[in-house]
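The values are calculated or read from the model by the stated rules, or taken from the named source; none is laboratory data. As the structure is a prediction and not an experimental result, all values here were calculated from the model. Please note: Cβ atoms are built from the backbone with ideal geometry, for glycine as well, and neighbour counts cover all protein chains shown. Note: accessible area is taken over every heavy atom of the protein model, side chains too, but ligands, DNA and RNA are not part of it. Shrake-Rupley method; radii C 1.70, N 1.55, O 1.52, S 1.80 Å.
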Amino acid sequence: MAGAIIENMSTKKLCIVGGILLVFQIIAFLVGGLIAPGPTTAVSYMSVKCVDVRKNHHKAKWLMPWGPDQCDKIRDIEEAIPREIEANDIVFSVHIPLPSMEMSPWFQFMLLILQLDIAFKLNNQIRENAEVSMDVSLAYRDDNFAEWTEMARERVPRKLRCTFTSPKTPEHEGRYYECDVLPFMEIGSVAHKYYLLNIRLPVNEKKKINVGIGEIKDIRLVGIHQNGGFTKVWFAMKTFLTPSIFIIMVWYWRRITMMSRPPVLLEKVIFALGISMTFINIPVEWFSIGFDWTWMLLFGDIRQGIFYAMLLSFWIIFCGEHMMDQHERNHIAGYWKQVGPITVGSFCLFIFDMCERGVQLTNPFYSIWTTDVGTELAMAFIIVAGICLCLYFLFLCFMVFQVFRNISGKQSSLPAMSKVRRLHYEGLIFRFKFLMLITLACAAMTVIFFIVSQVTEGHWKWGGVTVQVNSAFFTGIYGMWNLYVFALMFLYAPSHKNYGDDQTNGDLRVHSGEELQLTTTITHVDGPTEIYKLTRKEAQE
């Protein structure tokens, strides 16, 4: 009788397959650790204080901090007083990148973080719940002699969260507040060579705009972008893995359709998992090198969300289909309690992402965390998603416990079987447990490497060899889940080998005293597969 490949594969062959997958897993980690540079680079920018005394500030004029067309500059705010320069006439200008450098589409995205240098003054202290309002203009060009092209122009509010650790006395005037960094801007593509930011801090005492925010001395920005070298390694991995997963997925479904029965739920879910993995792997990012696709970050989040939702659903259904009881579970409706939290949590995170990165497609300075309503809304989505995740893991742990408990209970009947049959089913149970443990190991490795990448400095040095830990985490975990999906589709594809062909009829004859059933959810036209069947009698009793 035919079953899945994992049921008919010998332990030796299973170890060989596992060894080959382990070699590819090690290669995935080494590619990121030894070949790729760090995933991202952070660059600090200090704004230059330009003077713009035009009456109509809304008319487009781009103030350069340096170069042949540099603006009229002042070194500090105190210099503006004798020159009778008002706060509304000061523009903080930032050129990205630094002089003699260029941005590149290989950088993929650009994230800017804002740091304000605010001095303490007795007559100009930071009020409680103070909010700084900035008129920000963003422009780009691809040639040093070309005109700047406006990309965005917005009024950007940010709440100040500052503390002053010294006593608020006259002798401590001039010391700086300790302020939290603020999210400033995010764009999903770096399609141009040069970017220019002009930032104004308009003051209007009647409307209470920028009143009670202290004395802002300087504006600093930290730009974060993906390293071009890491991008090339990442694209190469996706290009290699896409045909690998696609070919095994087509092969798997072809073997399913060759059966004379319709596919069962577990087989459909494994195929859907392969589709979601292929969806992540397709290297559409190559097009971002030639096209200004600012939606790539949002698209990447959606692809990852679909895969993780599919993976969590697979774990639940995988456990349910091995529950070894008499309940019919060959329909997705039978898992609504477990799959429901996945659906609700995924939907909440999708709405949160649309409220953040979806809006940033038209306004790169937008952040849902800048307003009280936005913060409460974002926290509500995240809390609901967290609750759903906790419920899911409670269901999953309970189902895993039930599966192992039921297997242990069924093992007590194995001694009554013939020797060959007993050894066969002991091997099947061992392989099922092994696959469950591999799943837990993959999940644990993901968590462990994430924690390690967060607490380390980003690289380790052994002698003359530098290992990029963060890059190894990204490539290794990405490769691991691809190998996991590959192994599932290979091992759980229907086998064309009949188990009875390799054994004598006398050894495999099922006596009435040996009849026992693991589960009956996955059946062929000639009966249940070997891994789900020890026969029916005891389960029915």
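For this structure, a couple of remarks:
- Modelled this way, with points 7 Å down the Cα-to-C-beta line, the labels at Thr466 and Thr11 are 4.7 nm from one another.
- Nearest-10 value in Å² for the accessible area of Arg175, using the 1.4 Å probe: 120 Å²
- Put the Cα centre of the range 120-135 next to the Cα centre of the range 267-296 and the gap is 46 Å.
- Relative contact order for the range 208-288, counting Cα pairs under 8 Å that sit 6 or more residues apart, in percent: 41 percent
- Here the calculated FRET efficiency for Gln411 and Ala441, from their Cβ-Cβ distance with R0 = 25 Å, stands at 0.65, rounded to the nearest 0.05.
- With all protein chains modelled, accessible area of Lys61 [1.4 Å, Å²]: 100 Å²
- Rolling a 1.4 Å probe over the protein heavy atoms leaves Ile118 with an accessible area of roughly 0 Å².
- The range 10-37 residues near the modelled Ser244 label - backbone nitrogen below 20 Å, point 7 Å along Cα→Cβ: 14-37
- Pairwise FRET efficiency - Val43 versus Trp336, Cβ, R0 = 60 Å, nearest 0.05: 0.75
- Heavy-atom accessible area, probed at 1.4 angstrom with all protein chains present, ranks Arg405, Arg357 as Arg405, Arg357, highest first.
- The range 41-226 - Debye-derived log10 I(q)/I(0), Cα point model, q = 0.09, 0.10, 0.13, 0.16 Å⁻¹: -0.34, -0.42, -0.71, -1.05
- Computed E for Ala146/Lys217 - FRET, C-beta separation, R0 35 angstrom, nearest 0.05: 0.60
- For q = 0.16 Å⁻¹, Debye-computed log10 I/I(0) when each Cα of the range 124-235 counts as one equal scatterer: -0.90
- The range 41-226 - percent of accessible surface contributed by carbon and sulfur, probe 1.4 Å: 49 percent
- Spherically averaged projected area in nm², based on the convex hull that wraps the Cα atoms of the range 201-271: 11.7 nm²
- Ordered by 1.4 Å accessible area with all protein chains kept, Glu79, Glu376 run largest first as Glu376, Glu79.
- Solvent exposure of the range 41-226 as accessible area per residue, Å², 1.4 Å probe: 52 Å²
- Remark: spin-label model distance Arg54-Asp117 equals 2.8 nm, labels positioned 7 Å along the Cα→Cβ axis.
- Normalised by the number of residues in the range 41-226, the average gap of Cα pairs under 8 Å and 6 or more apart makes the relative contact order 37 percent.
- Distance (nanometres) between label positions extended 7 Å along Cα→Cβ at Leu98 and Ser418: 7.8 nm
- By average C-beta atoms within 10 angstrom, highest first, the peptides 182-189, 66-73: 182-189, 66-73
- Accessible surface, 1.4 Å probe, highest first, among residues Thr40, Thr466: Thr40, Thr466
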